[in-house]
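To start, the structure under review is shown below, and the notes come after it.
The values are calculated or read from the model by the stated rules, or taken from the named source; none is laboratory data. Small disclaimer: the values here were computed from a predicted structure and weren't measured. All Cβ positions, even for glycine, are placed from backbone atoms using ideal geometry, and neighbour counts span all protein chains on display. Side chains are part of the model used for accessible areas, which takes the heavy atoms of the whole protein and leaves out ligands, DNA and RNA. Shrake-Rupley method; radii C 1.70, N 1.55, O 1.52, S 1.80 Å.
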Amino acid sequence: MLVQHSGANVARYRIEEAQVESELERLRRARDAVAQELHGMQATLPGDAPVELAALIDVHLQLLHDEVFRAAIAHWITQHRYNAEWALSAQMEILARQFDAMDDTYLRERKADLEQVVERVQHHLHGVAQPAKSPEDGERRILVAHDLSPADLLRYRDGAFAGFVTDAGAVTSHTAIVARSMGIPAVVAARGVSQRVRPDDWLVVDGEAGIIIVEPDADERLEYQARECALAQRRKELENLSAVPARTLDGEAVQLLANIEGPEDVAAALRAGATGVGLFRSEFLFMERRGGLPSEEEQFQAYRAVVEGMHGLPVTIRTIDVGADKPLDGANRSITVNPALGLRAIRWSLADPAMFRTQLRAILRAAAHGPVSVLFPMIGHLGEIHQVLSQLQTARDELAMRGVAAGAVRAGAMVEVPAAALLAEDFLQYFDFLSIGTNDLIQYTLAIDRADESVAYLYDPLHPAILRLVHGVIAAGARCGKEVSICGEMAADAALTRLLLGLGLRYFSMQPTQIPHVKQQVLLSDAASLKEWAGQVVAAQVPRLLLGAAPS
Ligand code: PEP
Ligand code: MG
């Protein structure tokens with residue numbers, strides 16, 4: 001078990017008497033590392049650096065070595081058995097109050113210096129906060145953090161962790177979605193967990209039930225080991241379904257497509273039996289890049305890798321969808337006060353046409369290597385439709401002028417705001433297909449920030465307003481003879497598969513790990529006989545009550 005902390009949230013736990021010496025040693029090592037870092041900075045200051053800078057580093061070194069400060073922190077550890085991080089922040093809080101009460105402005109400003117020094121030490125403590133005992137063979141580690149960005153999670157794709165637990169987040173936050181796509185149990189919105197568990201505690205993470213057990217007793221361990229075995233067994237059985245076509249009992253073909261974040265997910269999509277990529281969240285290529293946005297060539301290589309990797313199966317690439325809970329650290333844009341309603345998704349792209357066309361050209365070039373659709377996120381206005389289609393044409397013209405090959409693409413819009421759902425039929429005059437992003441559609445219809453755990457209880461895919469909007473979009477697709485898919489989390493929920501089939505949905509896109517579960521439901525369903533019941537569910541005031549009454 002490893003605890004990772006960020007910002008003001010530091011781990012707080014009491015240590016055993018026998019651990020006092022090693023905790024003091026841990027603190028000493030962190031302090032030495034900071035001293036070394038500061039001396040290094042001093043030694044490498046350029047000749048023309050302002051003298052104040054060298055003086056500032058001196059002040060930081062003095063604060064770091066201040067005997068009174070050191071003794072006070074040691075006191076918290078030895079007398080109160082606080083862990084080092086807690087001791088440091090407890091002493092910082094006391095000093096902060098003293099600084100705030102000072103009349104002298106110069107001295108008051110030293111508070112910021114001390115905070116910086118403390119932050120550096122905390123950072124290094126984090127580095128030396130590995131489990132007191134390193135994991136033994138076969139022992140798996142769980143990452144516990146205050147919060148994790150989707151990009152953080154992607155860094156752990158290599159299977160370094162057997163589970164994730166965070167204080168913040170909500171089930172349809174992108175972080176949770178990425179964790180699910182990795183097939184790793186995760187519990188989000190477990191408030192205060194990162195401060196309560198200790199680096200070598202045993203944890204059980206039950207991602208299905210959203211439960212974490214700290215220091216499970218012998219019975220609980222046995223129970224969860226048995227459950228894990230049963231789950232692995234079921235997964236194996238379901239894997240056998242990957243080659244079976246998804247067809248209902250009455251012969252309706254259903255497309256089960258994959259949601260992916262990058263070329264490295266293609267193998268999992270194929271293993272799961274996906275019949276294409278229904279949503280390539282291209283923004284993950286853009287995240288955490290210090291050196292600016294990826295070039296056309298770099299994007300083209302990534303898109304082509306996916307297209308070729310899918311061996312002729314269709315690939316839908318969504319244009320960059322950033323903002324809200326998916327900040328682009330590498331990009332130089334400010335996030336507005338209410339990011340979910342601000343400059344995000346297609347608005348962000350249209351605000352920078354040159355950047356947008358770079359992406360469109362890369363997509364068009366990839367389309368020369370296999371079937372590609374381009375999907376525009378969060379379209380809400382007819383004006384935006386005209387703009388995206390005109391940018392697409394300009395991107396194509398630019399490639400033609402350069403003599404570079406481009407392929408044909410189908411163009412589609414995501415239905416993520418109620419305005420788009422209500423105008424689905426109008427949208428279909430311009431687009432080849434629609435894809436319902438239920439995660440955002442729920443957020444915007446029910447006015448619930450999907451990343452805010454305090455309102456997560458209101459997040460309800462079975463809210464009658466959501467079902468009616470979804471039904472309306474599917475029906476509009478049928479009337480226009482055009483494809484409608486769902487690529488939000490609703491499509492991945494096997495408990496909703498029959499309902500969506502009954503409403504006429506035939507294109508489901510989800511994280512590959514869910515495909516076998518949804519396929520099993522498809523194989524057991526008679527689509528025609530679900531229709532009437534699905535209509536009743538959508539018309540009901542409390543649809544959930546009818547969900548269990550699906551005809552078999
Ligand atoms: C959605 O909103 O449902 C969707 C699929 O897009 P994302 O989750 O990436 O916002
Ligand atoms: Mg969305």
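Laid out as a table, the results:
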{"read-out": "Some residue of the range 192-211 being over 29 Å from Glu23 (Cα atoms), part of a loop (DSSP other than H, G, I, E, B), modelled with pLDDT of 85 or more and touching a Pro at 6+ places or on another chain (Cβ under 9 Å)", "value": "yes"}
{"read-out": "Residues that are away from ligand 1 (no atom under 13 Å from the Cβ) and either free of Cβ contacts under 8 Å to residues at least 12 places away in the same chain or open to solvent by 10 Å² or more (accessible area, probe 1.4 Å) (or both), drawn from the range 463-473", "value": "His463, Pro464, Ala465, Arg468, His471, Gly472"}
{"read-out": "Residue match in the range 294-304 (condition: away from ligand 2 (no atom under 16 Å from the Cβ), of a type in the set (Phe, Trp, Tyr) and under 30 Å from Val197 (Cα atoms))", "value": "no"}
{"read-out": "Which listed residue, of Arg271, Arg247, is touching a strand residue (DSSP E or B) at 6+ places or on another chain (Cβ under 9 Å) and not β-branched (Val, Ile, Thr)", "value": "Arg247"}
{"read-out": "So Val68, is it open to solvent by 50 Å² or more (accessible area, probe 1.4 Å) and outside any loop (DSSP other than H, G, I, E, B)", "value": "yes"}
{"read-out": "Criterion (within 15 Å of ligand 1 (Cβ to nearest atom) and closer than 17 Å to Phe280 by Cβ) met by exactly one of Leu341, Leu375", "value": "Leu375"}
{"read-out": "Residue match in the range 388-411 (condition: touching a Phe, Trp or Tyr at 6+ places or on another chain (Cβ under 7 Å) and in a strand (DSSP E or B))", "value": "yes"}
{"read-out": "The listed residue being away from ligand 1 (no atom under 12 Å from the Cβ) and within 23 Å of the chain's Cα centre (by Cα), out of Ala476, Ala456", "value": "Ala456"}
{"read-out": "Condition check for Glu453: more than 14 Å from ligand 2 (Cβ to nearest atom) and either in contact (Cβ under 8 Å) with a residue 40 or more places away in the chain or crowded, with 21+ Cβ neighbours inside 10 Å (or both)", "value": "yes"}
{"read-out": "Meets criteria (away from ligand 2 (no atom under 16 Å from the Cβ), open to solvent by less than 50 Å² (accessible area, probe 1.4 Å) and without any contact (Cβ under 8 Å) to a residue 12 or more places away in the chain) for Gly403", "value": "no"}
{"read-out": "Among (1) hydrophobic (A, V, I, L, M, F, W, C); (2) under 22 Å from Ala274 (Cβ atoms); (3) within 16 Å of ligand 2 (Cβ to nearest atom); (4) open to solvent by 10 Å² or more (accessible area, probe 1.4 Å) - the single one Ile486 does not satisfy", "value": "(4)"}
{"read-out": "Selection status of Gly291, within 22 Å of Pro371 (Cα to Cα), at pLDDT below 95 and not hydroxyl-bearing (Ser, Thr, Tyr)", "value": "no"}
{"read-out": "Unmet criterion (only one of (1) closer than 26 Å to Thr316 by Cα; (2) modelled with pLDDT under 90) for Ala258", "value": "(2)"}
{"read-out": "Of residues in the range 427-450 being more than 10 Å from ligand 1 (Cβ to nearest atom) and under 21 Å from Thr319 (Cβ atoms), the one surrounded by the most Cβ atoms within 10 Å (Cβ to Cβ)", "value": "Leu434"}
{"read-out": "Residue check, Ala179 open to solvent by less than 40 Å² (accessible area, probe 1.4 Å), modelled with pLDDT under 90 and in a helix (DSSP H, G or I)", "value": "yes"}
